[in-house]
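J.: Can you read through this structure? Questions will come right after.
Here, each number is a calculation from the coordinates, and none is a lab measurement. Every value quoted in this text rests on a predicted model; they were computed, and no experiment measured them. Don't worry about glycine lacking a Cβ; one is built from the backbone with ideal geometry, like all the others, and counts go over all protein chains shown.
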Amino acid sequence: MKLSIITKAKGGWDFHFEATEEEARKILTGSVGEQIELDGDREVITLDRYSIGHWMKQGEGSTYESLVTSNVKSQIRKMLTEGAWDEE
């Protein structure tokens, strides 16, 4: 089951993406430079020390958002602790 992870972009605005529990755990434990596919090759997270890149194909183009790594990981940890993915 995919859930929305609501986090902050580097520009300060709210941003969300959806991930399964397995994908969320990969984001927490992945190495710098690792890419995690969220929707095949249509949506990809790229891990970095201070920012997480979110790339998504849309029609003929694509979008890219730089997210704050510490905020993304904090939100995922909170969701895991609260058992968010347990409610299927």
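J.: Check L38: other-chain or 5+ apart residues with amide H under 5 Å from its amide H, H built from backbone geometry?
T.: Long-range HN contacts for L38: E43, V44, I45.
J.: Could you compute how fast the chain diffuses translationally, taking Rh as the Kirkwood radius over C-alpha pairs and applying Stokes-Einstein at 4 °C with viscosity 1.567 mPa s? Give it in µm² per second.
T.: In µm²/s, the coefficient rounds to 99.
J.: Another one. Mind putting a number on the dipole of the chain about its Cα centre? Charges go on the C-beta only, +1 for Lys and Arg and -1 for Asp and Glu, and I need it in Debye to the nearest 20.
T.: 500
J.: Please give the charge dipole size of region 21-63, origin at the Cα centre, charges +1 on K and R Cβ atoms and -1 on D and E Cβ atoms. Round to the nearest 20 debye.
T.: Its charge dipole is roughly 180 debye.
J.: Sticking with this structure for a sec: Using modelled backbone amide H atoms (1.01 Å from N, in-plane), which distant-in-sequence or interchain residues come within less than 5 Å of E18's amide H?
T.: I5
J.: Report the local net charge at A84: Lys and Arg +1, Asp and Glu -1, summed over other residues whose C-beta lies under 10 Å from its C-beta.
T.: Net charge around A84: -3.
J.: Also, quick follow-up: Considering amide H positions built from the backbone, and no H for Pro or chain starts, which residues 5 or more places from L67, or on another chain, come under 5 Å of its amide H?
T.: K10, I52, G53, H54
J.: Could you please report the charge total around D39, scoring K, R as +1 and D, E as -1 over all other residues with beta-carbon less than 10 angstrom from its beta-carbon?
T.: With Lys, Arg at +1 and Asp, Glu at -1, the neighbours total -2.
J.: I need to check one value: relative contact order of region 3-86, counting alpha carbon pairs closer than 8 Å and at least 6 residues apart, in percent.
T.: Answer for region 3-86 is 28 percent.
J.: Give a residue-ordered list of calculated ³J(HN,Hα) values for region 18-28 (Karplus: 6.51 cos²θ - 1.76 cosθ + 1.60, θ = phi - 60°; whole Hz; x for Gly, Pro).
T.: Values, residue by residue: 10, 8, 7, 4, 4, 5, 4, 5, 5, 5, 5 Hz.
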